[in-house]
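Here's the structure, in structure tokens; my notes come after.
The values are calculated or read from the model by the stated rules, or taken from the named source; none is laboratory data. For clarity, every value in this text was computed on a predicted model and none was experimentally measured. Backbone-built Cβ (ideal geometry, glycine too); neighbour counts: all protein chains shown.
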Amino acid sequence: MNSTKSRVLGALAVALAATLAVTSCDAITASGEGVAAVTPPLAEVTTLDDPKAWEGPSTAVAAQDAVDPVTEGAPSLPATVIDAQGTAVTVTDTSRILTLDIYGSLSRIVFELGLGDSVVARDTSSGFAEAAGLPVVTENGHDLNAEAILDAAPTVILTDTSLGPWDTILQMRDAGIPVVVVDSHRSLDNIDELVQQVAGALGVPERGVQLAERTTAEVEAKIAQIAAVAPADPTRKLRMMFLYARGQSGVYYLFGDESGADSLIEALGGIDVAGEIGWQGMRPVTDEALVDANPDLLIMMTKGLESVGGVDGLTEHLPAIAQTNAGRHRRIVDMSDTTVLSFGPAAASVLDALAVAVYAPEATR
């Protein structure tokens, strides 16, 4: 990984940690009125003739699909891998697995690989039903708790660089626990690679290939389904941007290339305005950038939107938004902080819910 990309991903991880530290796994509506209903499937809704003409915000809530584990291919240990940091790690025992990342995607991958019964604890973001009963080893949102991790007695830890403090991970290595660090980058473009990194470390590479192929096929099918309802004419496509906000701290960023948000917008059939203007990674919002970009729609994390007081509060905190098409039409689509950029085996469900919020927003009410 080159140094520029490494800095971008590091900044993203820090920013996400700041937001998710105050995030629960519940889906809260932008108005703060409680848990939102699951968004109906794209196949069952009537989409807009002109998405640019819609007025008002919408909340996307992905369906909680049950884990469908891949079980063909017996585990083969020991497994020796070179992890994302270039460290050679040998895994000899997968009877007690611990996965740690800010997105919750690593836990889901392990369950989908048929090894869920061996997972001994979880991070806050791993809130899917099959993992919900496991003890949590993060505190204050997403800080690693060394004592809780050691109490779980894992025989292998899979993580990335999105959770900290990093000294806690080093402490686990010093305690003799094999720690495999996978790629921290999350995108629709590298889900298969992430799956196979996890599968290889756990000695089930055949299952990894099967899960990667299945997930890729589901995502590609969903993108094709979305393309069928999204405007084909470039002049009618929605110009979208991903806005990160944490109102309590006055933090506002736009996500651009290599943030994962770019692949999300493209999959939704929109025009990635940040990429169009050369926005790299995550950078602080400026009034000039917002007005010049003039997005038709903003995608946000639910808690981020809630932190500024909803759409009305957002335009008060960032008056320049009111000068954009998105602001004038109140076109804000929000989704749970721990879901929208998770990019794992459930990615197709995430895309489906977002597509409904974008192209059939009335169905989310």
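Each residue in the range 260-300 was checked for being within 21 Å of N190 (Cβ to Cβ) and of a type in the set (A, V, I, L, M), and 8 of them qualify.
Residues of the range 178-216 that are surrounded by fewer than 19 Cβ atoms within 10 Å (Cβ to Cβ) and hydrophobic (A, V, I, L, M, F, W, C): V209 alone.
Out of curiosity, is T159 buried (at least 16 other Cβ atoms within 10 Å of the Cβ), touching a strand residue (DSSP E or B) at 6+ places or on another chain (Cβ under 7 Å), in contact (Cβ under 8 Å) with a residue 60 or more places away in the chain and not hydrophobic (A, V, I, L, M, F, W, C)?
yes
The set of residues in the range 162-192 that are outside any loop (DSSP other than H, G, I, E, B) and either in contact (Cβ under 8 Å) with a residue 60 or more places away in the chain or of a type outside the set (D, E, K, R) (or both) comprises G164, W166, T168, I169, L170, Q171, M172, V179, V180, V181, I191. Counting residues in the range 281-300 that are assigned to a helix (DSSP H, G or I), touching a strand residue (DSSP E or B) at 6+ places or on another chain (Cβ under 6 Å) and crowded, with 21+ Cβ neighbours inside 10 Å gives zero.
Just checking, does the range 350-364 include any residue being closer than 24 Å to T47 by Cβ, charged (D, E, K, R), out of contact with any Phe, Trp or Tyr (no Cβ under 7 Å at 6 or more places or on another chain) and not in a loop (DSSP other than H, G, I, E, B)? Yes: the range 350-364 contains one or more residues that are closer than 24 Å to T47 by Cβ, charged (D, E, K, R), out of contact with any Phe, Trp or Tyr (no Cβ under 7 Å at 6 or more places or on another chain) and not in a loop (DSSP other than H, G, I, E, B). Taking every residue in the range 240-266 that is in the same structural domain as A60 (by TED's automatic domain parsing) and over 13 Å from Q280 (Cβ atoms) and pairing it with any residue that is of a type in the set (V, I, T) and outside any strand (DSSP E or B), at least 6 positions away or on another chain, the pairs with Cβ-Cβ distances below 6 Å are M240/I265; M241/V273; A245/V308; R246/T19; G247/V308; Y252/V285.
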